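Data block below; observations after.
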Amino acid sequence: MRSSVKKFFVFILLAACVGILPGQEKPKTVEPPASTSPVAALPSADTPAAPVDPKTYRIGPEDVISIMVWREKEMSGMFVVRPDGRITLPLAGEMAVAELTPEQVKVIEAYSKFINKPEVSVSLARVGSKKYYLVGQIMRTGMFPLVVPITVLEAINAAGGFQEFANRKKVVILRGSQRIKFNYDDVIKGKNMAQNIAVENGDHIIVQ
């Protein structure tokens with residue numbers, strides 16, 4: 001009898017150490033949810049507009065346009081400009097937008113057939129049609145959206161400047177069949193400032 005009582009108290013002591021008493025179930029371990037990395041093909045509706053002038057920026061293929069129609073969620077959204085320069089609007093169908101400014105996109109006219117006095121805002125959510133490239137001995141290489149006017153000097157500085165062994169005096173801008181020379185050291189000293197040209201769509205800035 002004493003042996004049984006002793007074993008019972010030993011069991012109670014062990015159970016208390018691990019947090020389990022008689023009549024209780026062992027708490028279940030809650031596994032953390034598997035990590036997910038959702039990839040959005042387009043910006044969300046809350047994405048701020050790209051910093052462009054809506055009166056002067058000309059829309060092109062691969063740009064993403066945000067169209068918000070008040071109280072009409074089904075008609076609102078993000079629209080990618082296709083290679084033919086068009087977008088497809090719900091109900092209204094296809095609309096040509098290439099070479100128009102965001103202010104010139106006539107969404108109000110298109111939706112007036114379905115809504116009485118629609119309130120519409122049109123903005124550019126992402127620039128994809130205008131870009132330039134930085135290649136070679138630069139801190140950040142690759143493709144960059146040409147959102148606002150920028151000079152060669154500004155483009156290089158915005159990419160973090162040169163790598164250690166870059167030839168700062170012999171930068172080349174490829175523009176179609178043109179090879180335009182750029183001497184960074186001269187420009188920062190205020191010499192030959194005419195070579196600090198504005199970057200154009202499709203430019204390749206090459207640092208050797």
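A 27 angstrom limit on the alpha carbon distance is what I want to check against. Which of Lys55/Lys191; Lys130/Lys189; Lys73/Lys130; Lys55/Lys131; Lys130/Lys181 exceed it? Present the calculation step by step, with values, prior to reporting the outcome.
Details: Lys55/Lys191 35 Å; Lys130/Lys189 30 Å; Lys73/Lys130 29 Å; Lys55/Lys131 20 Å; Lys130/Lys181 22 Å.
Distance filter (> 27 Å) returns Lys55/Lys191; Lys130/Lys189; Lys73/Lys130.
Could you check the simple spin-label distance between Asp185 and Thr56, using points 7 Å along Cα→Cβ, in nm with one decimal?
3.5
Could the peptides 105-112, 138-145, 127-134 be put in order, highest first, of the mean number of other beta-carbon atoms found within 10 Å of their residues? Before the final figure, lay out the partial values.
Working: 105-112: 17.4, 138-145: 14.4, 127-134: 19.0.
Highest to lowest by the protection proxy: 127-134, 105-112, 138-145.
From the mean inverse distance of alpha carbon pairs (Kirkwood) and the Cα radius of gyration, derive Rg over Rh for segment 93-208. Walk me through the numbers before you get to the answer.
Values: Rg = 19.8 Å, Rh = 16.7 Å.
We get a ratio of 1.19 for segment 93-208.
Say R0 is 30 Å: what FRET efficiency, to the nearest 0.05, do Leu174 and Arg82 get from their beta-carbon distance?
Numbers: r = 28 Å, r/R0 = 0.93.
Once the sixth-power term is evaluated, E becomes 0.60.
Determine which aspartates and glutamates satisfy two conditions relative to Lys117: a Cα distance under 13 Å, and not lying fewer than 8 residues away in the same chain.
Leaving aside aspartates and glutamates fewer than 8 places away in the same chain, those within reach of Lys117 are Glu72, Glu109.
Return the Cα extents of segment 89-136 along principal axes one, two and three, sorted largest first, each rounded to a whole Å.
Between the extreme Cα coordinates on each principal axis of segment 89-136 lie 55, 18, 16 Å.
Hey, what did segment 64-126 get for relative contact order, percent, Cα under 8 Å, at least 6 apart? Working shown, then result.
Values: 91 pairs, mean separation 25.1, N = 63.
Once normalised by length, the contact order is 40 percent.
Explain nothing, just compute: Karplus ³J(HN,Hα) = 6.51 cos²θ - 1.76 cosθ + 1.60, θ = phi - 60°, for every residue of segment 150-167 in order, whole Hz, x for Gly and Pro.
8, 8, 4, 4, 5, 5, 5, 5, 5, 8, x, x, 8, 7, 4, 9, 5, 8
Compute the relative contact order of segment 131-207 as a whole-number percentage, counting only Cα pairs closer than 8 Å that sit 6 or more residues apart in sequence.
Here the relative contact order equals 41 percent.
Bear in mind that the values in this text are calculations on the coordinates, not laboratory data. Fair warning: this is a prediction, and the values are worked out from it, not measured in the lab. When we count neighbours, we look across all protein chains shown, and the Cβ atoms used for this are built from the backbone with ideal geometry, even at glycine.
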